[in-house]
Amino acid sequence: MTKLVHNELLKLFRKKRLFVIILIVAALVPLFTYAQYQQAKTTQEKLGNADWRTKLQQEIVDTQNRLSSSRLQDDWRKYLKIRLAQQQYYLDHDINPQAPGAPTFMRVFVENSITLLLPLLVMVAAADLVSSEASGGTIKLLLTRPVKRWKILLSKYIALLLSVSFIVTAVAFLSYTISGVVFGYGGWDMPLLTGFSTKGEELLTDNVHLIPQWQYVLMEFGLVWFVCLVVGTLTFMLSVLLRSTAAVMGIMLAALIAGAILSNMVSSWESAKYLFMVNLALTDYISGMATPIEGMTLGFSLSVLLAWAAGGLIIAFAVFTKRDVY
Amino acid sequence: MSRSPALSVKNLRKSIGKKEIIKGLSFELYPGEVFGFLGPNGAGKTTTIRMLVGLIKPTSGSVHIGGKNVQTEFGEAMKDLGCIVENPELYPYLTGWENLEHFARMDSSIPESRLKEVVDLVDMGNRIHDRVSTYSLGMRQRLGIAQALLGHPKLLILDEPTNGLDPAGIREMREFIRFLAEKEKLCVMVSSHLLSEIQLMCDRVAIISKGSIIRIDTVEALLSEQERVVWNAEPLDQAKHLLGKVTKVSEMEGKLITLYDEDQIGNWNRLLVNAGIEVKEMRTKLPALEDLFLELTGGEHID
């Protein structure tokens with residue numbers, strides 16, 4: 001089995017897929033770093049001084065102003081109220097939620113890329129794992145070896161797990177080292193609040209507690225890794241089912257983007273919460289953001305994703321081991 | 001025969017939906033022989049070969065390679081098999097050597113030294129460390145054979161091995177296949193839609209049409225039986241009439257065609273000459289596959 005995985009990793013590596021993914025991340029991170037840097041500078045200019053308390057106070061006033069508008073939709077009003085309570089909590093406890101520093105950048109970056117950017121990168125790595133063998137015809141040589149089909153597929157899946165882990169690690173490493181050049185590398189011990197939960201319009205703070213940022217970031221990367229694995233597994237299934245890598249990418253891309261759109265409009269369509277793509281924003285549960293559909297919890301989202309991944313794996317293995325190869 | 005067959009196929013069938021595309025094939029192949037699998041495109045050659053190598057599951061019937069059932073003892077059966085199905089499709093982004101390493105890793109019984117052996121066997125030493133994407137079709141074909149030979153197979157299945165090769169390449173391939181059968185005592189099964197190719201390379205041949213084997217025989221028997229005589233005679237009508245009395249005769253492009261019969265051919269000629277017919281040309285002709293087919297299938301069209 002080690003030898004089979006070795007084969008798959010060799011092919012992945014020589015196709016330069018991982019290399020391209022790392023290049024994409026390495027190109028995007030400076031872009032976002034610059035954007036965040038500019039944002040910080042503009043706010044600073046607007047406020048006239050660098051004190052974050054004034055800035056946070058300003059944000060709270062902004063939010064309050066928006067809330068007083070009568071044309072607000074109910075959903076949005078609810079979200080703003082939660083956000084307001086959270087900001088107020090930070091201010092009262094003298095905690096700067098946006099303290100600059102590479103770890104903060106990592107955190108913000110990963111929270112914003114968990115629903116689309118990272119799944120896309122994983123998709124690029126996973127899309128042609130099986131379909132390229134089918135479209136290139138090499139599957140005929142691969143399946144006429146004295147190795148059972150399920151072992152071949154398993155070796156490909158293990159290679160996928162390893163490359164997903166590699167991508168997530170590389171994203172963490174690159175976002176830390178590159179943004180640190182601008183923001184500095186400190187800030188690991190900064191306390192952050194977590195444990196927010198929402199019930200109706202209320203922000204429940206009973207479970208809120210402080211954890212150091214490194215622990216917070218670690219938790220978020222754990223969730224990101226899980227999301228990437230699920231997306232990778234589903235892409236893998238499509239790659240088994242379809243010969244065309246372009247079709248695999250197209251379907252996955254449509255699903256992911258549909259997820260991003262749906263998350264903004266499904267608050268009253270309750271059964272949509274069983275779709276995998278509206279459950280990708282796992283980090284929101286840690287930072288206490290409103291969920292797209294009421295009643296979704298971290299445990300719920302994890303189980304939905306797990307169920308989808310398990311289903312995908314079962315289908316992939318069943319089809320691959322039974323199928324006639326033409 | 002007393003030798004145990006390298007490949008044994010019993011009543012192999014495959015249906016797709018309600019349509020039966022392979023209708024009960026049975027044959028046995030022995031070590032040291034080159035077996036031709038002949039049929040027009042769409043006759044079921046490739047589907048059959050894919051069932052032999054385990055890529056397609058037969059609807060019923062069994063395939064044994066070296067005595068092991070492909071369905072139930074897949075791993076064991078595959079150790080005795082080397083194959084190229086359709087084109088030799090290898091990983092273009094790896095070098096030839098890396099491709100061989102890749103496939104060698106999939107069978108722990110292949111020692112490191114075997115790689116060098118097969119590379120020498122197909123005479124690819126000087127280009128083996130180049131990427132496959134830079135290879136010509138002939139070189140890919142040779143690398144394909146090298147990977148097929150990695151595991152010391154008893155049975156080598158090659159699907160259209162001379163497809164796309166130039167004349168020198170075809171000749172080289174033919175000699176190589178004969179060498180493998182005669183010196184290495186392999187059983188080689190070669191599929192083709194070209195009779196001339198099968199004729200030069202194979203000992204025995206099976207002719208398949210619309211999913212059934214219509215004939216299995218040695219190449220000599222098949223060809224001599226189907227050999228034709230072309231007559232160019234003047235006046236044509238009279239010659240046709242006379243020949244028609246003694247044998248089956250057909251007319252094509254202003255010439256007459258009869259079966260070849262060594263004992264009778266002189267008599268037929270004398271018959272014509274005595275009747276004052278001028279025989280301008282008389283030559284034997286090996287049938288084209290198309291003719292052979294029309295003959296064997298009773299005029300049914302090839303599709």
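Most mobile of B:36, B:151, B:61 per a Gaussian network model of chain B (Cα springs, under 10 Å)?
Highest fluctuation among the options: B:61.
Rounded to the nearest 5, what % of DSSP beta bridges with both residues in chain B are antiparallel? Mind dumping the intermediate values first?
Values: 37 of 55 bridges.
Of those bridges, close to 65 percent are antiparallel.
Mean residue ellipticity at 222 nm from the helices of chain A, using -39,500 (n - 2.57) per DSSP H segment of n ≥ 4 over the full residue count, to the nearest 500 deg cm²/dmol? Write down the numbers at each step before the final one.
Details: 13 runs with 228 residues, N = 326.
Mean residue ellipticity, 222 nm, calculated: -23500 deg cm²/dmol.
Would you mind counting up the charge near residue B:35? Only other residues with Cβ under 10 Å from its Cβ, with Lys and Arg at +1 and Asp and Glu at -1. Could you put the intermediate results ahead of the total?
On the way: positive: B:204; negative: B:28, B:33, B:203.
Residues near residue B:35 contribute -2 overall.
Determine the calculated [θ] at 222 nm for chain B from helices alone, applying -39500 (n - 2.57) to every DSSP H run no shorter than 4 residues and normalising by the residue count; nearest 500 deg cm²/dmol.
On the way: 11 runs with 106 residues, N = 303.
Per the formula, -10000 deg cm²/dmol.
Among DSSP beta bridges whose residues both lie in the protein assembly as shown, state the antiparallel percentage, nearest 5.
Working: 44 of 62 bridges.
Approximately 70 percent, going by the DSSP bridge assignments.
What do you get for trypsin sites (Lys or Arg not before Pro) in the stretch A:90-156 restricted to DSSP loop and a cutoff of at most 14 other Cβ within 10 Å of the site's Cβ? Please list the in-between numbers first.
Details: sites: A:107, A:140, A:148, A:149, A:151, A:156; in loops: A:148.
Taking the stretch A:90-156 and a limit of 14 other Cβ atoms within 10 Å, the loop trypsin sites (Lys or Arg not before Pro) found are A:148.
Across peptide A:144-156, what mean number of C-beta atoms from other chains lies inside 10 Å of a residue's C-beta? Write out the running numbers ahead of the final one.
Working: counts 18, 13, 15, 7, 3, 2, 0, 2, 1, 0, 0, 1, 0.
That works out to 5 on average.
For the pair residue A:307 and residue B:225, what calculated FRET efficiency results from E = 1/(1 + (r/R0)^6), where r is the Cβ-Cβ distance and R0 = 51 Å, to the nearest 0.05?
Efficiency computed from Cβ-Cβ geometry: 0.15.
Determine the relative contact order of chain B: mean sequence separation of Cα pairs under 8 Å and six or more apart, normalised by residue count, in whole percent.
Numbers: 551 pairs, mean separation 61.3, N = 303.
Averaging sequence separation for qualifying contacts and normalising by length gives 20 percent for chain B.
Rank B:189, B:106, B:252 by mean-square fluctuation in a GNM of chain B with C-alpha springs under 10 angstrom and give only the top-ranked residue.
B:252
Using a simple spin-label model with points 7 Å from Cα along the Cα→Cβ vector, what separation in nm is obtained for residue A:57 and residue A:169?
Result for the modelled spin labels: 4.7 nm.
Which percentage, to the nearest 5, of the DSSP beta bridges contained in the stretch B:228-285 is antiparallel? Numbers along the way, then the final one.
Details: 15 of 15 bridges.
DSSP beta bridges in the stretch B:228-285 are roughly 100 percent antiparallel.
How high is the FRET efficiency from residue B:60 to residue B:129, r the C-beta distance, R0 41 Å, rounded to 0.05?
On the way: r = 46 Å, r/R0 = 1.13.
Given R0 = 41 Å and the Cβ-Cβ separation, E is 0.30.
If R0 is 30 Å, what FRET efficiency do you get for residue B:269 and residue B:196 from their C-beta distance, rounded to 0.05?
On the way: r = 28 Å, r/R0 = 0.93.
For residue B:269 and residue B:196, the calculated efficiency is 0.60.
Add +1 for every Lys or Arg and -1 for every Asp or Glu among the other residues with Cβ under 12 Å from the Cβ of residue B:234, and state the total. Walk me through the numbers on the way to the answer.
Working: positive: B:240, B:255, B:280; negative: B:237, B:278, B:281.
Value of the local net charge: 0.
Hey, can you rank B:273-286, A:114-127 by average C-beta count inside 10 Å, highest first? Walk me through the numbers on the way to the answer.
Details: B:273-286: 11.9, A:114-127: 23.4.
Packing order, densest peptide first, comes out as A:114-127, B:273-286.
Considering every residue in B:85-95, what mean count of other chain Cβ atoms within 10 Å of its Cβ is obtained?
5
Rule-based calculations on the coordinates, nothing more; no lab input. Computed from a predicted model, the values in this text were never measured in an experiment. Glycine gets a Cβ as well: all are built from the backbone with ideal geometry, and neighbour counts include every protein chain shown.
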